[in-house]
Amino acid sequence: MLPEQGAGILSETSDKGAGVVMNEFLTFRLGSEEYGIEILKVQEIRGYDSITQIANAPEFIKGVVNLRGIIVPIIDLRIKFRLGEANYDQFTVVIILNVAGRVMGIVVDGVSDVINLEHGHIRSTPEFGSVIDTEYIIGLGTVDERMLILIDIVKLMSSDDMGLIEQDDNQEQSVSER
């Protein structure tokens, strides 16, 4: 389990004297691809458990769970990103997020690790025109031979089709804006 949000994990650290800005990301798998989200948005990681379905919810919203008295909506990112059918097994986890004061969970195929990326290791997202929507992608991170798709979870959760949080320009600042 990760520590509660704000319990000493910094999203940006400076290497003494070197002026190197680091961003910490929790990496996870969806199918064969690796993704990353800012660690400061992560509250905890839980195993996939029973979820109460909500009638007429979009397919990617699996339902809700009661997390210590808080009703938490659960979103399956594999379904949201149209990455094929989701299979739930012993490796499937729910990442509990705290985004703009709202607690929500995302279902992923598995969590990899926490990595530090220097600003120079984050490449901008290539332009695909209108064929692929890259609005929620901060960029592509490179670690050794690995390529990570870095997700702007604030933009994703506040998008029109998700509508889980209201975007307040002063409330949250994502890595892409720093």
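Observations
- Any hit, the stretch 150-166, residues being at pLDDT 85 or above and either of a type in the set (D, E, K, R) or surrounded by fewer than 16 Cβ atoms within 10 Å (Cβ to Cβ) (or both): yes
- Screening Gly69, Gly110 for residues that are at pLDDT 90 or above, touching a Phe, Trp or Tyr at 6+ places or on another chain (Cβ under 6 Å) and surrounded by fewer than 17 Cβ atoms within 10 Å (Cβ to Cβ) leaves exactly one candidate, Gly110.
- The residues on offer are Leu2, Leu26, and the sole one that is surrounded by 16 or more Cβ atoms within 10 Å (Cβ to Cβ) and either over 20 Å from Thr142 (Cβ atoms) or modelled with pLDDT under 90 (or both) is Leu2.
- Among residues of the stretch 86-104 that are of a type in the set (Asp, Glu), those with a beta-carbon under 9 Å from a residue that is not in a strand (DSSP E or B) at least six positions away or on a different chain give the pairs Asp89/Tyr48; Asp89/Asp109.
- Complete set of residues in the stretch 80-107 that are part of a loop (DSSP other than H, G, I, E, B), at pLDDT 85 or above and of a type outside the set (Ser, Thr, Tyr): Phe81, Arg82, Leu83, Asn87, Asp89, Gln90, Phe91, Ala100, Gly101
The values are calculated or read from the model by the stated rules, or taken from the named source; none is laboratory data. Everything numeric here is computed off the predicted structure, so don't read it as measured data. Please note: Cβ atoms are built from the backbone with ideal geometry, for glycine as well, and neighbour counts cover all protein chains shown.
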